[in-house]
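Enquirer: Sharing a structure, written as structure tokens. Questions coming.
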Amino acid sequence: MKKLFQVLMVMTVISLFFSCSEKKSKYVTLQKTDSNGYKYEEVTNDPLKTRIYTLNNGLKVYLSQNTDEPRIFTFIGVRAGSLNDPRETTGLAHYFEHMMFKGTDEFGTNDWGKEKVLLDSISGLFEAHKAATEPEVKKAIYKQIDEVSQEASKYAIPNEYDKMVSTIGAKYTNAGTSYEFTVYMNDIPSNELNKWINMEYERFSDPVLRLFHTELETVYEEFNMSQDNDGRRLNRAVISSLYPGHPLGTDVIGRPEDLKNPSMVNIMNFYHTWYVPNNMAVILSGDLDYDKTIQMVDATFGKYKSKPLPEIKNAKLEPIEKPIVKDVYGPDAERVMLAYRFDGYHSPDRKFVTMIDYILTNSTAGLIDLDLNQSQKVLKAGSYSDFHNEYGEHRLYGTPRQGQSLDEVRDLLLGEVEKVKNGEFDDWLIQATVNQLRLNAIRQNEGKWRVFNYLNSFIKKTNWADELAFYDEMEKITKDELVAFAREHYKDNYVLAYKRTGEAKGLVKVEKPEITPISINRQDQSKFFTDFTAQKVEPLEPRFVNFEEAIDEKPLAEGVKMDYIPNETNELFQLDYVVDMGRNHDPLLELAVKYLPYLGTDKYPAADLKKEFYKLGVDLNVNTGNDRSYVFISGLDKNAKKGMELLEHVLANAQPDQEAYDKMVEGILKERADAKLNQYQIRRALQYYGQYGKENPFTNVIPEEELHKVDPAVLVAKLHEFSHYPHRVFYYGPTASDRVFQMVKEGHQIPAELKSIPAEKEFAMQPTNENKVFFVNYDKSQVDIRMMSQSLPFSPETYVNSQLFNEYYGNSMSSVVFQEIRESRALAYSAWAGYSAPSKKEEPFYINGAVYTQADKMMDAIGAMNGLLDNMISDNRLFGIARESVMKNIQTERINKTNIFWTWLRNQRLGIDKDIREDVYNKVGKSDIADVQNFFNDHMKNQHFTYLVLGNRNDADLNALKTVGPVEELALEDIFGY
């Protein structure tokens, strides 16, 4: 990591104190002062060189340099989540998070004085609505709310915040609410940092609850979506029993009865109470200058006034003395979940539970991994832990095999817990687990996602040194201590939730009142927005990849090449064997790859083989797609050679196991049956059907009767021959190219003569020469609508032209489609559209659109999408924002590390031999709104569509759908092929 800041600052050590009880801890917190007089904390041996500032008003600022690209990942965290909700208005923290995108008294409005009068009136009406008890009275008041909201919307400028972040080239613009925090995120070009800070300072200074009732519709939609999700409802059953009467026992989104009675007064009280600097943190990681950045933050956020924070006291929960059993019904596949409750994040419980969790499940050599998954005693099982400040939890879950009861799965999971309590696990597993956790930390901290660790430290009010030392503390745990802890804490004190397949009864849906679509003021802009966009910054120069120079390619043998890219960041490596052959070439290859994890060799039983990889800190992964297959290992580079030797041993010496194969086939058949119960798998199958018809890559599976006839020895032979076809070996790591080439040359077994890759089975894409509707019935309140239309054959020129159109029309929150469907008409929680490129040059582009809405709004949503895809809305200002966004993203985007290789490999299939972003950049810089209009007229206008609709036939109006096109209701057997 760059260390320029060491030259720029004058360090004065004020004091030293040890974060841990042992004086010899390598993580010591230093109090330092930079050249501008700002005091900060730094921890010795912190690989991220984190600086932690505390401004005079109490605001925490976490800064970390990462020069992978000239961008900065930003978090603004607030220690206020659903635990801070008033008990009479749950869900308030989450709803306020939505409203933080609506602007302030400075932006988002064209006349704040006039708008404020109307918003105050709306606030009073919502209080009257909340107090009313008679349904007819509430309905009448809501009609008034709608009428006044229509008038207020004339002064509102929707999405000015999203437009501003787009003009600076931001990505990942989003927010999230949890129990203990709310976080607002962006990924911005580093040269736009000062503009971003000033914009966020204004955003958090005086947020305004404008366009309130349309956004309320969105929250209702989100709640109703969660009611359609069996996993969400299973979680509700668990938390309500694990934390009875405690805020942790209520879903973050809130109770439906509270959502029906929102209070703008309570929301603003919430903001004024909790959104104060001594309860907030600004977290920045990227290509930043420490000294300049803290000055910018202090000059703005430092102006906020701190306030005393109210203390929240929750009653202490009573111990769970016996199993609490819950049943949850729904259309999805059956499964079981157990949950134990523990003391909170700062208790000793966390390190012991974390260790036990990884001893049970680490994806490779845990007790559940080997005893249940690898041995195929269940279809799938695992565990995970989570700790809040006040309480923590440890969950175990399992999915039954065909004919297996949920009670049997429960007993198997509890049996693995008993093994921990009895010390029935290898002694080396504790140290190997700590090593794996450190390896995971290196991976996470390599890029922008380190900000989550800083956010966690802030929310939990921990010293950063203690966070860094956590794995050292875990390393001190002895086996005897772990066993004693397990015996004391893992008894019959758990919640047991059964997810059963059946009708979900008693669901509470939030009925959405009728509202009038608001008009969008497209031509208006606030003075703040005008001034913001007028500020010019020194542009950054884009950096395009010369793939020939970036990838060191050498022949290993005829038909086999090695590609090398150095890892200049850390000590991790990745080694991939890539074969351009998949299930479309040979369905048995996919079966063989799936078989591999259950096999041992002539030297190692299957379980021991997984243990060997885990001891090395090396992960083995295999994957087969439609037309490409991968075998790859990754981990600590010091063990790359041993890992490769073990990989080669597995591929060359895997032994067939008839019993393991028979169990695997039973599991495959159960997975297929479960897929037909899952709405997301059904949606995926329906999409393939719409694109290809009945014969398609998704249905290209081995029939059940054929599965039973396969000889496992044939599958093992295919594993032995994996490297007998033309292929590539890709290495990314810190070892020098020549040494890696020698290692691979000596260790990678290549036959003297390679086999020819078999012909790929081709599937004909269906032309879209007329409108048609495919409907699949599923028990849910929402309707999922996908639209697709086959377009022109792929060409690089069309791809280049499509990029600006997609950004302008349907790829962001400031895009035309999102504004019309969600902001103006409140028709859906999510909507998008775009011109999608294929993965191969022989395939065509597709026009795609999607909207997820309530059944009673289905036809309105389809009509709105049809209108948007047939008549382009032209907005010069929005176009300019889209163009700026594309330009600035390319200027600051860096294709680096492993992405160089995978981008090059994707380009090869499209017939592209260069970094095509250069063509996009040059084209966009010369484009105007007429170019987008021409693209729309040539590629989008007057097209026929295939409509893919997933919903409940009792709620969706199929007769109305016939006005769109002929409707064919498909059975699950039609789209799954079995």
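The values are calculated or read from the model by the stated rules, or taken from the named source; none is laboratory data. Note that this is a predicted model, so its numbers are computed, not measured. Positions of Cβ are generated from backbone atoms using ideal geometry, with glycine treated the same way; all protein chains shown enter the neighbour counts. Quick note on the areas: whole protein, heavy atoms, side chains included, nothing else; ligands and nucleic acids left out. Shrake-Rupley method; radii C 1.70, N 1.55, O 1.52, S 1.80 Å.
Enquirer: Determine which single condition Ser178 fails, assuming it passes every other condition in (1) modelled with pLDDT of 95 or more; (2) open to solvent by less than 10 Å² (accessible area, probe 1.4 Å).
Expert: So the condition that Ser178 fails would be (2).
Enquirer: Collect the residues in segment 695-720 that are open to solvent by less than 50 Å² (accessible area, probe 1.4 Å) and either assigned to a loop (DSSP other than H, G, I, E, B) or basic (Lys, Arg) (or both), keeping them in residue-number order.
Expert: Within segment 695-720, Asn696, Pro697, Phe698, Thr699, Asn700, Ile702, Val710, Lys718 qualify.
Enquirer: Okay, next question. Return a yes/no flag: does segment 223-243 have any residue that is closer than 30 Å to His394 by Cβ, touching a residue at least 40 places away in the same chain (Cβ under 8 Å), under 28 Å from the mean Cα position of the chain (by Cα) and part of a loop (DSSP other than H, G, I, E, B).
Expert: Yes, segment 223-243 contains a residue that is closer than 30 Å to His394 by Cβ, touching a residue at least 40 places away in the same chain (Cβ under 8 Å), under 28 Å from the mean Cα position of the chain (by Cα) and part of a loop (DSSP other than H, G, I, E, B).
Enquirer: Residues that are assigned by the TED database to the domain that holds Gly254 and under 24 Å from Lys305 (Cα atoms), at least 3 per element: which strands (runs of 3 or more DSSP E) completely within segment 39-86 meet that?
Expert: On the way: elements: 39-43, 51-54, 60-65, 71-78.
Answer list for segment 39-86: 51-54, 60-65, 71-78.
Enquirer: Answer yes or no as to whether Leu360 is open to solvent by less than 10 Å² (accessible area, probe 1.4 Å), of a type in the set (A, V, I, L, M), within 30 Å of Leu599 (Cβ to Cβ) and outside the structural domain of Tyr595 (by the TED database). Break it down stepwise before answering.
Expert: Details: open to solvent by less than 10 Å² (accessible area, probe 1.4 Å): yes; of a type in the set (A, V, I, L, M): yes; within 30 Å of Leu599 (Cβ to Cβ): yes; outside the structural domain of Tyr595 (by the TED database): yes.
Considered against the rule, which asks whether it is open to solvent by less than 10 Å² (accessible area, probe 1.4 Å), of a type in the set (A, V, I, L, M), within 30 Å of Leu599 (Cβ to Cβ) and outside the structural domain of Tyr595 (by the TED database), Leu360 comes out as yes.
Enquirer: Another question, then. So which residues in segment 953-968 are in a loop (DSSP other than H, G, I, E, B) and either under 17 Å from Ala861 (Cα atoms) or open to solvent by 90 Å² or more (accessible area, probe 1.4 Å) (or both)?
Expert: Listed by number, the residues that qualify are Arg953, Asn954, Asp955, Ala956, Asp957, Lys962, Thr963, Val964, Gly965.
Enquirer: Do we have any residue at all in segment 612-625 that's surrounded by fewer than 17 Cβ atoms within 10 Å (Cβ to Cβ) and either of a type in the set (D, E, K, R) or touching a Pro at 6+ places or on another chain (Cβ under 6 Å) (or both)?
Expert: Step one: filter segment 612-625 for residues surrounded by fewer than 17 Cβ atoms within 10 Å (Cβ to Cβ), giving 621, 623, 625.
With either of a type in the set (D, E, K, R) or touching a Pro at 6+ places or on another chain (Cβ under 6 Å) (or both) added as a condition, the list becomes none.
No, that holds for no residue.
Enquirer: So for segment 166-174 (the condition being within 28 Å of Ser149 (Cα to Cα) and either open to solvent by less than 20 Å² (accessible area, probe 1.4 Å) or over 24 Å from the mean Cα position of the chain (by Cα) (or both)), does at least one residue qualify?
Expert: Of all residues in segment 166-174, those within 28 Å of Ser149 (Cα to Cα) come to 166, 173-174.
Add one more test, that the residue is either open to solvent by less than 20 Å² (accessible area, probe 1.4 Å) or over 24 Å from the mean Cα position of the chain (by Cα) (or both), and what stays is 166.
Within segment 166-174 (the criterion being within 28 Å of Ser149 (Cα to Cα) and either open to solvent by less than 20 Å² (accessible area, probe 1.4 Å) or over 24 Å from the mean Cα position of the chain (by Cα) (or both)), the answer is yes, since at least one residue qualifies.
Enquirer: Looking at the structure I just gave you, is Lys114 farther than 27 Å from Phe181 by Cβ, over 39 Å from the mean Cα position of the chain (by Cα) and in a helix (DSSP H, G or I)?
Expert: Taking the combined requirement at face value, the residue satisfies it.
Enquirer: So, one more: Given the criterion surrounded by fewer than 20 Cβ atoms within 10 Å (Cβ to Cβ) and either modelled with pLDDT of 95 or more or within 25 Å of Asp349 (Cβ to Cβ) (or both), identify the matching residue among Phe452, Phe425.
Expert: Phe452
Enquirer: Which one of the conditions (1) open to solvent by 60 Å² or more (accessible area, probe 1.4 Å); (2) among the basic types (Lys, Arg); (3) at pLDDT 95 or above does Arg443 fail to meet, given that it meets all the rest?
Expert: With respect to (1) open to solvent by 60 Å² or more (accessible area, probe 1.4 Å); (2) among the basic types (Lys, Arg); (3) at pLDDT 95 or above, Arg443 is out only on (3).
Enquirer: Still on this structure: Cβ-Cβ below 9 Å, separation at least six or inter-chain, first residue in segment 628-657 and of a type in the set (Asp, Glu) and assigned to a loop (DSSP other than H, G, I, E, B), second open to solvent by 20 Å² or more (accessible area, probe 1.4 Å) and at pLDDT 95 or above: which pairs?
Expert: Asp657/Tyr598
Enquirer: Looking for something closer than 25 Å to Asn159 by Cα, hydroxyl-bearing (Ser, Thr, Tyr) and either open to solvent by 20 Å² or more (accessible area, probe 1.4 Å) or modelled with pLDDT of 95 or more (or both) - is there at least one such residue anywhere in segment 786-799?
Expert: Checked segment 786-799: no residue is closer than 25 Å to Asn159 by Cα, hydroxyl-bearing (Ser, Thr, Tyr) and either open to solvent by 20 Å² or more (accessible area, probe 1.4 Å) or modelled with pLDDT of 95 or more (or both).
Enquirer: Could you tell me which of the residues Tyr835, Tyr808, Tyr846 is of a type outside the set (S, T, N, Q), closer than 29 Å to Leu910 by Cα and in a helix (DSSP H, G or I)?
Expert: It is Tyr808.
Enquirer: Lys322 - would you say it is more than 27 Å from Arg233 (Cβ to Cβ) and not in a strand (DSSP E or B)?
Expert: no
Enquirer: In the list Ile881, Ile900, which residue meets the criterion of being crowded, with 18+ Cβ neighbours inside 10 Å, at pLDDT 95 or above and over 30 Å from Ala855 (Cα atoms)? Please lay out each step first, then the result.
Expert: On the way: Ile881 fails: at pLDDT 95 or above.
Result of the check over Ile881, Ile900: Ile900.
Enquirer: Would you please list the contacts, defined by Cβ atoms under 8 Å and residues six or more apart or on different chains, that run from a residue in segment 738-755 that is in contact (Cβ under 8 Å) with a residue 24 or more places away in the chain to a residue that is open to solvent by less than 100 Å² (accessible area, probe 1.4 Å) and assigned to a loop (DSSP other than H, G, I, E, B)?
Expert: If the second residue must be open to solvent by less than 100 Å² (accessible area, probe 1.4 Å) and assigned to a loop (DSSP other than H, G, I, E, B), the pairs left are Met743/Thr735; Leu754/Gly559; Leu754/Tyr725; Leu754/Pro726; Lys755/Glu721; Lys755/Tyr725.
Enquirer: I need the full set of residues from segment 770-782 which are open to solvent by less than 70 Å² (accessible area, probe 1.4 Å) and under 30 Å from Val508 (Cβ atoms), in order please. Let's see the steps before the verdict.
Expert: First pass over segment 770-782, keeping only residues open to solvent by less than 70 Å² (accessible area, probe 1.4 Å): 771-778, 780-782.
Within segment 770-782, Phe775, Val776, Asn777, Tyr778, Lys780, Ser781, Gln782 meet the criteria.
Enquirer: Any chance you could count how many residues in segment 530-566 are outside any strand (DSSP E or B) and open to solvent by less than 10 Å² (accessible area, probe 1.4 Å)?
Expert: Residues that pass the stated criteria total 1.
Enquirer: Please go through segment 346-357 and give me each residue that is farther than 22 Å from Asn235 by Cβ, touching a residue at least 40 places away in the same chain (Cβ under 8 Å) and either surrounded by fewer than 18 Cβ atoms within 10 Å (Cβ to Cβ) or in contact with a Gly (Cβ under 8 Å, 6 or more places away or on another chain) (or both), ordered by number.
Expert: Taking segment 346-357 as the starting set, the residues that turn out to be farther than 22 Å from Asn235 by Cβ are 346-348, 351-352, 355.
Remaining after also requiring touching a residue at least 40 places away in the same chain (Cβ under 8 Å): 346-347, 351-352, 355.
Listed by number, the residues that qualify are His346, Ser347.
Enquirer: Whether any residue in segment 757-769 is among the basic types (Lys, Arg) and surrounded by 15 or more Cβ atoms within 10 Å (Cβ to Cβ) is what I want to check.
Expert: Filtering segment 757-769 for residues among the basic types (Lys, Arg) gives 761.
Restricting the remaining residues to those that are surrounded by 15 or more Cβ atoms within 10 Å (Cβ to Cβ) gives 761.
Scanning segment 757-769 turns up at least one residue that is among the basic types (Lys, Arg) and surrounded by 15 or more Cβ atoms within 10 Å (Cβ to Cβ).
Enquirer: Of all residues in segment 927-951, which are of a type outside the set (Gly, Ala, Ser) and open to solvent by 20 Å² or more (accessible area, probe 1.4 Å)?
Expert: Those that are of a type outside the set (Gly, Ala, Ser) and open to solvent by 20 Å² or more (accessible area, probe 1.4 Å): Asp928, Ile929, Asp931, Gln933, Asn934, Asn937, Asp938, His939, Lys941, Asn942, Gln943, His944.
Enquirer: If you don't mind, another one. Looking only at segment 745-756, decide whether some residue is assigned by the TED database to the domain that holds Val650 and under 23 Å from Asn626 (Cβ atoms).
Expert: Within segment 745-756 (the criterion being assigned by the TED database to the domain that holds Val650 and under 23 Å from Asn626 (Cβ atoms)), the answer is no, since none of the residues qualifies.
Enquirer: Here's something else I'd like to know. If I go through segment 317-341 residue by residue, how many of them are open to solvent by less than 50 Å² (accessible area, probe 1.4 Å) and under 12 Å from Tyr243 (Cβ atoms)?
Expert: Selection size over segment 317-341: 4.
Enquirer: I've got another one for you. Within segment 743-756, can you find the residues that are open to solvent by less than 70 Å² (accessible area, probe 1.4 Å) and either in a loop (DSSP other than H, G, I, E, B) or aromatic (Phe, Trp, Tyr) (or both)? Give the derivation first.
Expert: Just the residues of segment 743-756 that are open to solvent by less than 70 Å² (accessible area, probe 1.4 Å), to begin with: 743-744, 747-748, 750-751, 754.
Of everything in segment 743-756, those that are open to solvent by less than 70 Å² (accessible area, probe 1.4 Å) and either in a loop (DSSP other than H, G, I, E, B) or aromatic (Phe, Trp, Tyr) (or both) turn out to be His748, Ile750, Pro751, Leu754.
Enquirer: Exactly one condition in (1) more than 17 Å from Ser814 (Cα to Cα); (2) acidic (Asp, Glu); (3) at pLDDT below 95 is not met by Glu215; state its number.
Expert: It is condition (1) that Glu215 fails.
Enquirer: Take the residues of segment 180-217 that are part of a helix (DSSP H, G or I) and aliphatic (A, V, I, L, M): which is farthest from Phe270 (Cα to Cα)?
Expert: Only one residue fits best here, namely Leu193.
Enquirer: Suppose we filter Lys419, Lys461, Lys380, Lys476 for residues that are among the basic types (Lys, Arg), open to solvent by 60 Å² or more (accessible area, probe 1.4 Å), more than 28 Å from the chain's Cα centre (by Cα) and not assigned by the TED database to the domain that holds Pro597; which single one remains?
Expert: Among Lys419, Lys461, Lys380, Lys476, only Lys476 is among the basic types (Lys, Arg), open to solvent by 60 Å² or more (accessible area, probe 1.4 Å), more than 28 Å from the chain's Cα centre (by Cα) and not assigned by the TED database to the domain that holds Pro597.
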